[in-house]
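One structure below.
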Amino acid sequence: MKAEPAEGRAHAKIILVGEHAVVYGFPAIVAPLGNLGAVARVQPHTGPMVLASRYGISGLDRAPQPVTGLRHLTVATLRALGGAPSNLRLSIEATIPPGVGLGSSAAVAIALVRALYRAHRRPLEVERLVRLAEIGERFAHGVPSGLDLWAASSATPLWFVRGRPPTRLTVSRPLAMVVANSGVPSQTRVAVDRVRQRLRVARRPTWSELEHLGTLARAMREALSTGEVERVGSVFTEAHRALEAVGVGHPATSHLAACAARAGALGAKTTGGGLGGSVVAVARDMAHACHLREALLAAGAAAAWTTRLGGVQDGEDA
Ligand code: PMV
């Protein structure tokens, strides 16, 4: 089937609670960060397939190392569509900074699969979308839990347990937040290995922190549905402590979490793989979120965005 011009989109995500614990079967909660996104565009073209991304423009078979996952994903998706990697030009653009725990690689993978399916005018159910996108994610993450991919494909917050289809969560009262990139690259693969290593040398305390993160996820689900914003904030702060206890903290994210607390945040935590990356803080309302954003930028954050759950999304790039 001949492809027609098409595009696919996906957005960034924030892990509200449960990163790392999710790898061991505990629940996690993710939310969309609509301010940042990825777009993949497909254009018919004559000759071998071309891939254009922030890493340059090349034939798909000579794509540079950082996009190895996308190359494999493209070939697998085209195979699923009964096509071959030729007569197409695929371009990827993303406003999500890579490697800061906001799901850049997952959003790119989801956008790419959506674009290729649309270009071939084929319907795409979400399970297939996530299963295909996982081929790209394995290169970025090793064995990902799937959390990022489901999050990048959903416009609503999700309750996620590994190996099961996620469920949508109700947020009964608007939750204003600020997300800040510390500027120190997050190292998800290294962080996941570090937790595994900790479990080997100090099984009992490490496991009990992971279990505790599962309990915190349940507490947050309840607080979101009852609209207890202060309780969401205290779950953030407690989750931050637990993540540091399992070894994935970093002075840069701790510094930002402490600055947010000093500026009146109801709670703050590292989000994503950790060992750097980003923090997310709960504000009293959107005006306070803007104030927190200024405070975090003044404290050295490389970029920060305000966002709101359970209401109209708004915010801006730094
Ligand atoms: O660093 P991120 O945003 O891709 O988040 C990774 C989440 C982990 O729980 C640490 C790993 C996983 O596969 O779920």
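Observations on the structure shown:
- Residue match in the stretch 78-95 (condition: under 21 Å from TRP150 (Cβ atoms), of a type in the set (Gly, Ala, Ser) and more than 15 Å from the ligand (Cβ to nearest atom)): yes
- Residue match in the stretch 168-189 (condition: outside any loop (DSSP other than H, G, I, E, B), over 20 Å from HIS11 (Cβ atoms) and within 11 Å of the ligand (Cβ to nearest atom)): yes
- ILE14 meets the stated requirement of being within 16 Å of the ligand (Cβ to nearest atom), assigned to a strand (DSSP E or B) and either of a type in the set (Lys, Arg) or closer than 30 Å to VAL195 by Cα (or both).
Residue by residue, here is whether (1) more than 10 Å from the ligand (Cβ to nearest atom); (2) over 21 Å from GLY34 (Cβ atoms); (3) assigned to a helix (DSSP H, G or I); (4) not assigned by TED's automatic domain parsing to the domain that holds LEU102 holds:
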site: LEU124; (1), (2), (3), (4): yes, no, no, no
site: GLU127; (1), (2), (3), (4): yes, yes, yes, no
site: VAL130; (1), (2), (3), (4): yes, no, yes, no
site: ALA133; (1), (2), (3), (4): yes, no, yes, no
site: GLY136; (1), (2), (3), (4): yes, yes, yes, no
site: PHE139; (1), (2), (3), (4): yes, yes, yes, no
site: PRO144; (1), (2), (3), (4): no, yes, no, no
site: LEU149; (1), (2), (3), (4): no, no, yes, no
site: ALA155; (1), (2), (3), (4): yes, no, no, no
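- Scanning the stretch 149-175 for residues that are surrounded by fewer than 15 Cβ atoms within 10 Å (Cβ to Cβ) and of a type in the set (A, V, I, L, M, F, W, C) yields one hit, ALA155.
- Some residue of the stretch 108-122 being surrounded by fewer than 20 Cβ atoms within 10 Å (Cβ to Cβ) and free of Cβ contacts under 8 Å to residues at least 12 places away in the same chain: no
- Test: GLU19 is within 16 Å of the ligand (Cβ to nearest atom) and outside any strand (DSSP E or B): yes
- Residue in the stretch 206-226 that is outside any helix (DSSP H, G or I), assigned by TED's automatic domain parsing to the domain that holds SER278 and out of contact with any Gly (no Cβ under 6 Å at 6 or more places or on another chain) present: no
The values are calculated or read from the model by the stated rules, or taken from the named source; none is laboratory data. Predicted, not measured: the structure shown is a model, and the values here were computed from it. Positions of Cβ are generated from backbone atoms using ideal geometry, with glycine treated the same way; all protein chains shown enter the neighbour counts.
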